[in-house]
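Scroll down for the structure; my scribbles are underneath it.
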Amino acid sequence: MAVDGVSRVRRAEEADYRTATEVLLRSRYASVPAIPSLVHSDEEVKAHFVGTVMPFAEVWVAEVDEAVSGVLVLNGNWIEQLYVDPDWTNQGLGTALMERAKVERPEALDLWTFESNRGAQRFYERHGFRAVGGTNGDNEEGEADIHYRWVK
Ligand SMILES: CC(C)(COP(=O)(O)OP(=O)(O)OC[C@H]1O[C@@H](n2cnc3c(N)ncnc32)[C@H](O)[C@@H]1OP(=O)(O)O)[C@@H](O)C(=O)NCCC(=O)NCCS
């Protein structure tokens, strides 16, 4: 990993959920227009992830000097969320989280990404994912998306 500080990937605890959601929010804001704007308020997003999504999924975080700087949400074989804090992108944290996802789900992984998010598509293709489908906007944001799959 290209990070200077001490970094590691670990399973998130309940106490991390809010911080992990804040990383996700910072990443979403920094990614517009490659990723469409959120259709819910920050507080709605926090309540949704902290109260509804994360307790029923498998959440992993990437830390730099013990600060949560990336988040991975796995649900079944799906990567539901993968976000790295904008201050830490391009330094290997996303790769470290993806490698963890493959260790945890060694057979196959699925995910959705927006068609407009070319950077993420390069990242997923480099990690062996292939496009297997997509929609013209069958998501909350109403924008075209791509279904990617990785198989061992
Ligand atoms: C996509 C993402 C998780 C990759 O993690 P990372 O730690 O930045 O990636 P790594 O350092 O391991 O690998 C670098 C690659 O990530 C991708 N990447 C880097 N910054 C990115 C950004 N701001 N947005 C999208 N992809 C990015 C690129 O493919 C890059 O390779 P490149 O040099 O060919 O451009 C991370 O960049 C991110 O959170 N981006 C913004 C949000 C996002 O797109 N999440 C995925 C939603 S489906």
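Quick one: would you say Glu140 is of a type in the set (D, E, K, R) and touching a residue at least 24 places away in the same chain (Cβ under 8 Å)? Criteria met by Glu140.
Looking at region 117-129 only, could you name the residues that are more than 7 Å from the ligand (Cβ to nearest atom) and surrounded by fewer than 19 Cβ atoms within 10 Å (Cβ to Cβ)? Hits for region 117-129 are Arg118, Gln121, Glu125, His127, Gly128. Just one of the listed residues (Gly51, Gly76) is over 14 Å from the mean Cα position of the chain (by Cα) and within 20 Å of Glu22 (Cα to Cα), namely Gly51. Look at region 49-66: where a residue is free of Cβ contacts under 8 Å to residues at least 12 places away in the same chain and under 13 Å from Ile79 (Cα atoms), no partner that is assigned to a strand (DSSP E or B) and within 16 Å of the ligand (Cβ to nearest atom) sits 6+ places away or on another chain with Cβ atoms under 7 Å. When you look at Val61, is it of a type in the set (Val, Ile, Thr) and either under 24 Å from Arg122 (Cα atoms) or in contact with a strand residue (DSSP E or B) (Cβ under 7 Å, 6 or more places away or on another chain) (or both), yes or no? Criteria met by Val61.
Here Glu99, Glu22, Glu43, Glu58 are screened, and the one residue that is near the ligand (Cβ under 10 Å from one of its atoms) and not polar (S, T, N, Q) is Glu99.
Within region 1-13, the set of residues being at pLDDT 95 or above, charged (D, E, K, R) and surrounded by 11 or more Cβ atoms within 10 Å (Cβ to Cβ) comprises Arg10, Arg11. Cβ-Cβ distances below 6 Å connect the following pairs, each with a first residue in region 112-137 that is modelled with pLDDT of 95 or more, a second residue that is among the basic types (Lys, Arg) and more than 8 Å from the ligand (Cβ to nearest atom), and a separation of six or more residues or different chains: Val132/Arg149.
The values are calculated or read from the model by the stated rules, or taken from the named source; none is laboratory data. No experiment lies behind these values; they were computed from the predicted model shown. Because the Cβ atoms are built from the backbone with ideal geometry, glycine has one as well, and the counts that use them run over all protein chains shown.
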